[in-house]
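Encoded as structure tokens, the structure appears first; notes follow it.
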Amino acid sequence: MIKTAIIILNWNGIKYLKMFLGNVIRHSLNSETVLYVADNGSNDGSVKWITENYKEVRLIRFDINHGFAKGYNLALEEIDAKYYILLNSDIEVTEGWLEPLIGFMDMNPDVASCQPKILSYNQRDYFEYAGAAGGFIDKLGYPLCRGRIIYKVEKDNGQYDSEIDIFWSTGACMIVRSDAWKQCGGFDPDFFAHMEEIDLCWRFHRAGYRVSFVPQTSIYHVGGGALPYNSPLKTYLNFRNCLFLLHKNLPDKTFKKTMFTRKILDGIAALFFLCKGQFSSVRSVLKAHIDYYKSLDQLKKKRKMVKMLGENEPAGLVLNKSVVFEFYMKGNKTFKSLTTNF
């Protein structure tokens, strides 16, 4: 068994591979660490370029684009390692980035996953949207991060430089214990992309594991490499996958009230998009809800499977407020202004 396998899932990402793959190899590979690129049916010459330039990279090839979730599931089925590191192709790692993360996992066998500090590649003293200094959710299922609330990203002044348990670790750079991955079933392929890591981390908590943030390592993320932040598909996945996430994982005692409230808020969001003339976003929200209702039978089955993992709740890791209300109505736009609990 390999100790650590770094896996980059690639789909037509030759631009970022040329920018960052050599950097990952230079700062990562050793006798205990290997690098895989799992190609999701690219047609941009990615595979040819890798084979011609980096013989040390192990290639896994798929004929079609399976999406982020299923693509990683299929790739990890072929890899025998103690730790998986799921790494986006649009990330610049730094010298010595790996040792603190692996050391932390070695010292904490009850941790299923951890992440480093995620900073912006283009504004290097700011956090990056997708993960920042660790992920959380509010009581209605809206994701937030230490260092990023809604769209507001904070400057990194060392304010979150502490090891801490978090609700979810970012799929941009996610270190996962393979035993926990297998026990909890990996990503849900129906998510395709976006929020699948939150769903998986919720299952980790259910099964009694912890998820953590390790501040001793920083990496730089471009963001929006495969799925731009303002795309109609991302809007659709954002709304649909959050409904999937909540339906699968909410405790019974809050399930009905939370689902009802979230649907009302999604309707308000659609009206907001309509007033701004963002008709593609309105269509994305409507399609998300239609597809959610079409998936109810399957979601009920998945909910039962989640319950079988255990009844542990991520105590203290869910913000008992509405981040949307706090952000837009009360002006609380930093993590520290939202709560003193974390």
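The values are calculated or read from the model by the stated rules, or taken from the named source; none is laboratory data. Every value quoted in this text rests on a predicted model; they were computed, and no experiment measured them. Here the Cβ positions follow ideal geometry from the backbone for every residue, glycine too, while neighbour counts run over all protein chains shown.
Descriptive notes on the structure:
- Taken together, the residues in segment 1-27 that are under 23 Å from Asn73 (Cβ atoms) and part of a helix (DSSP H, G or I) amount to 4.
The rows are residues; the columns are (1) among the hydrophobic types (A, V, I, L, M, F, W, C); (2) within 26 Å of Tyr209 (Cα to Cα).
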position	(1), (2)
Val282	yes, no
Asp291	no, no
Leu296	yes, no
Lys302	no, yes
Pro314	no, yes
Val324	yes, no
Met329	yes, no
Phe335	yes, yes
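- Residues of segment 93-111 satisfying the condition of being over 23 Å from Tyr16 (Cβ atoms), over 18 Å from the mean Cα position of the chain (by Cα) and not in a loop (DSSP other than H, G, I, E, B): Glu99, Pro100, Ile102, Gly103, Phe104, Met105, Asp106, Met107
- Enumeration of residues in segment 317-335 that are assigned to a helix (DSSP H, G or I), surrounded by 13 or more Cβ atoms within 10 Å (Cβ to Cβ) and out of contact with any strand residue (DSSP E or B) (no Cβ under 7 Å at 6 or more places or on another chain): Val324, Phe325, Glu326
- Within segment 80-107, the set of residues being more than 21 Å from Asn10 (Cβ to Cβ) and buried (at least 17 other Cβ atoms within 10 Å of the Cβ) comprises Leu101, Ile102, Phe104, Met105.
- Residue within segment 305-316 that is surrounded by 12 or more Cβ atoms within 10 Å (Cβ to Cβ), among the acidic types (Asp, Glu) and assigned to a loop (DSSP other than H, G, I, E, B) present: yes
Table: residues versus (1) surrounded by fewer than 14 Cβ atoms within 10 Å (Cβ to Cβ); (2) in contact (Cβ under 8 Å) with a residue 60 or more places away in the chain.
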site	(1), (2)
Gln216	no, yes
Ile219	no, yes
Thr235	no, no
Lys257	yes, no
Asp266	no, no
Phe273	no, no
Gly277	yes, no
Ser281	no, no
Ile290	yes, no
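- Residues of segment 112-134 satisfying the condition of being buried (at least 21 other Cβ atoms within 10 Å of the Cβ) and either more than 20 Å from the chain's Cα centre (by Cα) or outside any loop (DSSP other than H, G, I, E, B) (or both): Ala112, Ser113, Cys114, Gln115, Pro116, Lys117, Ile118, Leu119, Phe127
- Set Ile150, Ile137: member being among the aliphatic types (A, V, I, L, M), touching a strand residue (DSSP E or B) at 6+ places or on another chain (Cβ under 8 Å) and surrounded by 21 or more Cβ atoms within 10 Å (Cβ to Cβ): Ile137
- Sole residue being among the acidic types (Asp, Glu) and free of Cβ contacts under 8 Å to residues at least 40 places away in the same chain, chosen from Asp125, Asp165: Asp125
- Residue among Met19, Met1 that alone is at pLDDT below 95 and not assigned by TED's automatic domain parsing to the domain that holds Leu98: Met1
- All positions within segment 31-80 that are more than 25 Å from Met1 (Cβ to Cβ), in a loop (DSSP other than H, G, I, E, B) and charged (D, E, K, R): Asp44, Asp63
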